[in-house]
Every structure is written in C-alpha cells, then in structure tokens.
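Chemist: Starting off with a structure, shown below.
The values are calculated or read from the model by the stated rules, or taken from the named source; none is laboratory data. Just so you know, these numbers come straight off a predicted model, no measurement behind them. Here the Cβ positions follow ideal geometry from the backbone for every residue, glycine too, while neighbour counts run over all protein chains shown. Just so you know, the surface numbers come from the protein's heavy atoms only, side chains and all, with ligands and any DNA or RNA stripped out. Shrake-Rupley method; radii C 1.70, N 1.55, O 1.52, S 1.80 Å.
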Amino acid sequence: MPSSDSFDYDLFVIGGGSGGVRAARFAATRGARVALAENDLMGGTCVNVGCIPKKMYSYAAGYAEGFADSRGYGWQLPGTPTLDWDLLKVRRAEAIRYLNDVYERLMVGAQVRRLQGTARFLDAHTVEVRAGSGAPLTFRARHVLVATGGKPWIPEFPGSELAVTSDDMFDLPVFPRRLVVVGGGYIGCEMASIFHGLGAEVTLLYRGEQILRHFDDEVRDFVAEEMRKAGVAIRTNTDVARIEAVAGARRVHLKAGGTLDADVVLYATGRHVHTQGLGLERVGVALAKTGAVQVDRHLTTNVPHIHAIGDVVGRKELTPVALAEGMALVDHLFGPAAGQAKRVMDYDNIPTAVFTHPPIGTVGLTESEARARYGAIQVFRSDFRPLQHALSGRSERTLVKLVVDAASDRVVGLHMVGADAGEIVQGFAVAIKSGATKAQFDQTLPIHPTSAEEFVTLRQMTRT
Ligand code: NDP
C-alpha cells in the first residue's frame, strides 16, 4: 500500500458515476487515501438519467400491458387507467435523490473525500477543482483516475437544436402525445417501447436495414416484429433531413420526402465521451480518434499514473463494465483484497439486456459471429406464445436461441426475446461463462412451467 508524502492523495478520481465511485470506495478499503470530484449529482448517467430511471419508466409502461392483460384473467377495471405523468416524475425524482444520497454516504463511509466541483489537470500529478465562484483548490495525487463518462450526441443538421436527448426524456414538462425517436440502438429502442407503453404514439426512425445492429440478426428481426405488433411504428432505411418548429410541435422532414409531426423528437444516435476541459492534452494523455481515452489492459493511459475506466474509455458502455474496470484497476494499483485473487478485466461473454417491450437478454456470440469464429456451428431455437398469454389474449411471442460450437459442443451464444429476458439470461450467463456444453444444458432439468425452461429442452437442431 502506498503511503506517500509529497502527495495529498494516493488516488484522485474525477467523476462520481458508477465506475468512479466503485474505484474510489474499493481503493479506500485497501487503505489508499482517496478523493473524488464530481460537479453534478452523484451516481452519473446510470443513476440520474440512464439505467435506473429508464427501468423505473419501463416498469411504469409495463402496467399498461398488465391492465390490458388482466381482463383476460377476469379482472374488471372500473375505467380506463390513465397515467399521471407529473406524479411519475415526482416519484422517480424522489427515488433518484435517495440513491444520490446513498452514493454520498458510501463516500463518507469509505472515508473518501468528496469534492463538489469541476476538476482539471494542471500538470500530470496536480488536479484543480473549481466550484462556483470560490477559489479553486489544488491537489497532488500519486494516481489520477478519469471516470467522466459520456453524454448523448446529436448530429448537426437544420433544426437539430429542436431535438432532445435521453437526458431530457425523464423530465419532459408535458407528456408527449406523439413521439418520434431517431436511432435504432439500445436507447432509441428502449425509449420507443417505454413511451409507447406510457401512452404516446411512437415512431422510431432508423437509418439502416434493421434496428439493433451488433445483436443477433434473428433477435433483431424478432424484437422489431414484436415492437411493431405492440404498436411502435418502426421505419427502417429512413433518414431525417431537417426538423422544423410548427405551432407548438415539431415537423420532421424525411430525406426520402414526407413529414412526421411530433410533440417531441428524441435523438438517440449514440454517446460521445466527456473529456472537454479536463486538460488531458496538456498532460499528454493519448486519445483515440473518437476522443475516447486510450488505455492498456490495466486501464492505464500512456501516462503511467493516469488511468481511465467506463464510458470515457468506450470499450463497452455498460455500468457493470465500468464497475468491473474500476475493481480491476484498484487491484492493479493497490493489490487485491486480503485472500482474494487479483482481478483482471475480461470482456468476453458480457451479458446484456435491452429493456424493450418485450425485452432482449443476450450473452456470448451472435449466430454470424459464431459462424465466423468456429465455422461449424449448430443453432437451436424456438419461438412460442408464453403461457401467460393463453388467457391474456396478447399475441406476443417469445424467442429462445442457443448457438453451439459443433466441435466442442460448448454453447457460445444464448439469446432471448421475451418477458424477463434480462433476469433469465443473467443466470444462464454463469453457465456460458463457465463453458457449459449443449449436453450439460440437456442434462439440466427444467423448471416447469416457465419460459426459461425452453433453454434446457431444445432438442431439435434448427440449422447448422
Ligand atoms: P447506440 O450506439 O447503441 O445506437 C445509436 C443508434 O443511432 C444506432 O442505431 C445508429 O445507427 C444510430 N445513429 C448513429 N449516428 C447516426 C446519425 N448520424 N444519424 C442517424 N442515426 C444515427 O447508442 P445509444 O445512444 O442507443 O446508446 C449508447 C450506449 O449506451 C449503448 O451502446 C449501450 O452500450 C449503452 N446503453 C445500454 C443500455 C442497457 O444496457 N440496457 C441502455 C441504454 C444504453 P447504426 O446502427 O447504423 O450505426
């Protein structure tokens, strides 16, 4: 454990999001002297304008399906349930404020010095923190961790300033009756499903052939079909030329001709790293063309005591990845926790979910990735109407799919579209990470009746 004397801190963390907080806390538990600067609310994107409020609104949207489904189960609802958007916003804000406080308390509990303000490098070991009009504070740090995350990005085009980003969606002053979403990635698809569920008329515009590039092709087709059935209008091969303000609304002009009117236009066209004003150039930290901070396998930049984790590194923009990177970095810098092995970041088989309605859960390779890597593969898949909808009357179907390396019999890809896909795939991710074979899936008894049991009862190969 370092104990140094010309430094105020062993680790100075810039950014109080998931990754920064985790690294600060774990470093402090190893006895390091740690400070963390954040200029906004603690918790970063995930807690404030990402995963957490998104999932809350996804639950809110799910009630609409529940109300509709319940009739098939004999429930008589007194009238048509309506959403109190303002109340939902208040309830969400309260829950998020609670989490902000939890994060603050975690810092206090771990004896991390929490600095409220904007940090920048003065030199490679010196960080300045400015808050409001007060005099800036400067600190000398043995190691500095850049964990400043990213922010939504909107391309520039006529009227682009009339579009909003996912940051704005949680607190829209008025619930949008008509919503146009541009972008077919995680955020675009999730927001389209969520706001459709909450009661908006939603059109999702995607520039390519099919939404959710990088996901398994069959999954993409399946979820697009289910979202369409649910009522989201998905228009592929569609580009926006400009947006115009018209009498309290937005008119979206399409490149191929035609217009769409909406109350809100959401651009979910990706996120850019947040490094402006940090002074990284001044201290010679190498950046990739995208602006992402370049790091080696230990999350260290070309400046040996400056490190970076999470979205600012841009390897995988997922909260659990930022957390894992933070823990691997702490082990690398300060040693592992007593009695534990040193963690090294492993980017293979990262499970992920997209909280569309129905949601996607996935771990491992897509069919085409597996084909490219292994050559001979076996695909097992099934789609079915889940038992719940026998009575609800909903036509939603569920897809389960296994991709198997024929030579080793290992399941190298597992994909699901259907209720609770994220919950289900999390469990199977352990099996995939452990190298489970198709034979071991087959030996596993199902839990009946569930949708998840389909993964262990897939006997008929679909294709090779
Ligand atoms: P993504 O990169 O996932 O998707 C961006 C979308 O915008 C793509 O469909 C892309 O098209 C399209 N696009 C990009 N540039 C343009 C342009 N100039 N004009 C029109 N369309 C464009 O970004 P998101 O913003 O959706 O999400 C960012 C990241 O956050 C995700 O990659 C994910 O890692 C993370 N995230 C994770 C979630 C989860 O775990 N559930 C939830 C939300 C976000 P194309 O495919 O053609 O490039």
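Chemist: One residue is enough: does the stretch 109-132 have a residue meeting the conditions more than 30 Å from residue 282 (Cβ to Cβ) and either of a type outside the set (A, V, I, L, M) or without any contact (Cβ under 8 Å) to a residue 40 or more places away in the chain (or both)?
Modeler: yes
Chemist: Could you grab me the full set of residues in the stretch 174-192 that are of a type outside the set (Ser, Thr, Tyr) and within 9 Å of the ligand (Cβ to nearest atom)?
Modeler: 182, 183, 184, 185, 187, 188, 189, 190, 191
Chemist: Which pairs have Cβ atoms under 6 Å, sit 6 or more apart or on different chains, and link a residue in the stretch 398-420 that is more than 16 Å from residue 453 (Cβ to Cβ) to one that is acidic (Asp, Glu) and surrounded by fewer than 24 Cβ atoms within 10 Å (Cβ to Cβ)?
Modeler: 403/367; 412/405
Chemist: Give the number of residues within the stretch 336-360 that are farther than 22 Å from residue 435 by Cβ, part of a loop (DSSP other than H, G, I, E, B) and either within 16 Å of the ligand (Cβ to nearest atom) or open to solvent by less than 20 Å² (accessible area, probe 1.4 Å) (or both).
Modeler: 5
Chemist: Can you name the condition, by its number, that residue 247 falls short on among (1) of a type in the set (A, V, I, L, M); (2) out of contact with any Leu (no Cβ under 6 Å at 6 or more places or on another chain); (3) away from the ligand (no atom under 14 Å from the Cβ); (4) open to solvent by less than 10 Å² (accessible area, probe 1.4 Å)?
Modeler: The one condition residue 247 does not meet is (4).
Chemist: Quick check: anything in the stretch 169-176 touching a Gly at 6+ places or on another chain (Cβ under 8 Å), closer than 18 Å to residue 152 by Cα and open to solvent by 20 Å² or more (accessible area, probe 1.4 Å)?
Modeler: no
Chemist: Let me ask something additional. When residue 328 is evaluated against the numbered criteria (1) within 12 Å of the ligand (Cβ to nearest atom); (2) surrounded by 15 or more Cβ atoms within 10 Å (Cβ to Cβ); (3) farther than 28 Å from residue 59 by Cα, which criterion, by number, is the only one it fails?
Modeler: (1)
Chemist: Among (1) within 16 Å of the ligand (Cβ to nearest atom); (2) buried (at least 17 other Cβ atoms within 10 Å of the Cβ); (3) under 30 Å from residue 197 (Cα atoms), which single condition is residue 55 missing?
Modeler: It fails just one condition, (2).
Chemist: If we keep just the residues of the stretch 363-378 that are out of contact with any Leu (no Cβ under 7 Å at 6 or more places or on another chain) and open to solvent by less than 30 Å² (accessible area, probe 1.4 Å), which is farthest from residue 222 (Cα to Cα)?
Modeler: 377
Let's see how each residue does on (1) within 14 Å of the ligand (Cβ to nearest atom); (2) under 25 Å from residue 415 (Cα atoms); (3) without any contact (Cβ under 8 Å) to a residue 24 or more places away in the chain; (4) open to solvent by 60 Å² or more (accessible area, probe 1.4 Å):
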site	(1), (2), (3), (4)
196	no, yes, no, no
202	no, no, no, no
208	yes, yes, no, no
217	yes, yes, no, yes
232	no, yes, no, no
235	yes, yes, no, yes
241	yes, no, no, no
263	no, no, no, no
269	yes, yes, no, no
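Chemist: Select from the stretch 129-161 the residues that are surrounded by fewer than 17 Cβ atoms within 10 Å (Cβ to Cβ) and within 16 Å of the ligand (Cβ to nearest atom) and list them in ascending order.
Modeler: 151, 153, 155, 156, 157, 158, 160, 161, listed by residue number.
Chemist: Could you list all residues from the stretch 277-325 that are of a type in the set (Val, Ile, Thr), within 16 Å of the ligand (Cβ to nearest atom) and either surrounded by 22 or more Cβ atoms within 10 Å (Cβ to Cβ) or part of a strand (DSSP E or B) (or both)?
Modeler: If the condition is that a residue be of a type in the set (Val, Ile, Thr), within 16 Å of the ligand (Cβ to nearest atom) and either surrounded by 22 or more Cβ atoms within 10 Å (Cβ to Cβ) or part of a strand (DSSP E or B) (or both), then 309, 312, 313 are the ones that fit.
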